[in-house]
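Note sheet for the following structure.
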Amino acid sequence: MADKYLELVNSGLTKKLATSLGLPRPSILRRYAPGEALLPGPVLLLGDSSSAQQLADTLLGWGLDVRRHAVGVNRLGGIVLMLDELEAPAELSAPMLAAGAALRQLAPGGRVVSLSREALDTDAPAVAAVRQGIDGAMRSVGRELRGGATANGIVLGHGVSPSAPSALAALHFFFSGRSAYVDGQFLSVDSADGTLPADFSQPLAGKVAVVTGAARGIGAAIAQTLHRDGATVVVVDVPGAGDALAKVANKVSGTALQVDVTRPDAGAKIIEHAVARHGSLDIVIHNAGITRDKLLANMDARRWDSVIAVNISSQLAMNEAFLAAELPGLRIVSLASTSGIAGNRGQTNYAASKGGVIGMVRASAASFAAAGGGINAVAPGFIETEMTAKIPVATRTVARMLMPSLMQGGLPVDVAEAIGFLASDAAAGINGRTLRVCGQSLVGA
Ligand code: NAD
């Protein structure tokens, strides 16, 4: 499963050889470890926004060294572009060129993050043009960065301030190693809802979280990450995976519930277990999923129907049960896939189910918000798991090299970190959205 090429080009003699041969050299990504600095150097704050000073004060409060000029700084940890008050494309020139002039100073694992406003159909054309233009520009910056550095953006909804809790929480997430494999993406903040955690290393303290499909792979990583961040975790999987599930439950000091998520009473069983054993149900992660790949020309009803039943119909039914139970503040994060966005040969059934998840979270956002909660999705790209280990080794290596920005697959923990962020109360201003965790690539299951 391990990416041997990544290890070789980053160690000893083989690193020198790869450099002298001019071979592509993917970097070891800066991943989160509790207690580590938020950024690998000072942060450069660019843009004339009237909120710039307030943001600078917040960043200082996070212990960052904030600069308004890059002169004399050897290694920048991050660059923030405040673009929220731009009104015409010509105004992009000054902040973008200032960022460009500082890019060579960006440390490995550095971060470029923009703050801008949503382009609305009712905007004046020039306003919509600059706002939409930022999208293209930032995705292009992502493709130009090296050394595991990333570029992402925060898009503020109408009337939402750059200091709204979820805007600040999104900025913190993008800075931190938690977003290592999120690149060229945007998080939209729709409201001023949410509260920043008292302690950014324990954002889920006191929460009870359920993770389906948690006996292995990404689900097991999610359970561990939520536990690390302070949640009490209930892990769910099919009875056939009982032994592996019990091991994960032990590891996270949580409890196990054996239930097939396609059972009509799965939602009721989950609520009953969480409330009876732990007193509440605050977070649900719909992770259980299967693939049954075949070209559509060879597809049979068994393959098609089972994928739809596990990956989307079960979630729709469980969500109805959760809404009917009126669980206050329930936050849901669902697993989509880049296949549901870009399509993938041999995966019409899977892509229908995962595109379905994206539609479902959009259409469910208002209902969950009415109960003080929210629902979002994460769309992983190529993640190194047992699922993707089945791909022949040569195809896998080439697929990694073709990923234009980070040149490697992601790890289950990368998906888990994005889910942990969206499950937290700090993300309450983000609702009905899908965040890609794909290293700016659309390859994957
Ligand atoms: P995996 O096959 O390793 O694990 C899936 C888990 O779900 C297993 O433990 C399985 O027993 C469980 N499960 C399956 N059907 C179930 C059911 N009916 N009820 C309860 N549990 C059930 O898969 P993974 O790679 O860890 O993927 C996890 C999720 O992430 C899936 O939704 C998958 O579609 C999605 N995803 C994975 C990738 C990737 O690259 N691995 C990419 C995009 C999306």
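Normalised by the number of residues in the chain, the mean separation of alpha-carbon contacts (under 8 Å, six or more apart) gives a relative contact order of 15 percent. Is the shape of segment 298-445 rounded, prolate or oblate, going by the alpha carbon gyration tensor and its root eigenvalues a ≥ b ≥ c, with a/c under 1.5 for rounded and a/b larger than b/c for prolate? Because a/c hits 1.5 or more and a/b fails to exceed b/c, segment 298-445 counts as oblate. Per residue, the chain exposes an accessible area of 41 Å² to a 1.4 Å probe, with every protein chain left in place.
Accessible area per residue was computed with a 1.4 Å probe on protein heavy atoms; HIS227 scores about 70 Å². Of the peptides 235-248, 116-129, 385-398, the order by per-residue mean of other Cβ atoms within 10 Å, starting with the highest, comes out as 235-248, 116-129, 385-398. Accessible surface ranking for HIS286, HIS158, HIS69, 1.4 angstrom probe, highest first: HIS158, HIS69, HIS286.
Near SER114, the amide H atoms lying under 5 Å from its own belong to LEU81, ASN152, GLY153, ILE154; only residues 5 or more places off or on other chains count, and H is placed 1.01 Å from N. Backbone N atoms of segment 124-160 closer than 11 Å to the 7 Å Cα→Cβ label point of GLN54 belong to residues 160. Placing a pseudo-label 7 Å from each Cα along the Cα-to-Cβ vector at ALA268 and SER280 gives an inter-label distance of 2.5 nm. Net charge dipole, the chain: roughly 1640 debye, given to the nearest 20, about the Cα centre with Cβ charges of +1 for Lys and Arg and -1 for Asp and Glu. Here the Karplus relation 6.51 cos²θ - 1.76 cosθ + 1.60, evaluated at θ = phi - 60°, turns the backbone of segment 142-149 into coupling constants of x, 6, 8, 6, 10, x, x, 7 Hz, with x for every Gly and Pro.
Give the shape of segment 127-171 as rounded, prolate or oblate, defined through the alpha-carbon gyration tensor: a ≥ b ≥ c are the square roots of its eigenvalues, a/c under 1.5 means rounded, and otherwise the shape is prolate if a/b is larger than b/c and oblate if not.
oblate
Extension gain, ALA126 to ASP305, is 59.7 nm, computed as 0.36 nm per intervening residue step minus the present C-alpha separation. Annotation: amide H of SER188 within the under-5 Å range of VAL155, sequence separation 5 or more or interchain, hydrogens built in the peptide plane. Based on the Kirkwood approach, the hydrodynamic radius assigned to the chain is 22.4 Å, with every pair of different Cα atoms included. Heavy-atom accessible surface of ASP300, to the nearest 10 Å², is about 50 Å², with a 1.4 Å probe and all protein chains retained.
A straight chain from ALA119 to VAL73 at 0.36 nm per residue would run longer than the Cα-Cα distance by 13.1 nm.
The values are calculated or read from the model by the stated rules, or taken from the named source; none is laboratory data. As the structure is a prediction and not an experimental result, all values here were calculated from the model. Quick reminder, even Gly has a Cβ in these numbers, built from the backbone with ideal geometry, and neighbours come from all protein chains shown. Remember, those area values only see protein heavy atoms, side chains included, never the ligands or the DNA or RNA. Shrake-Rupley method; radii C 1.70, N 1.55, O 1.52, S 1.80 Å.
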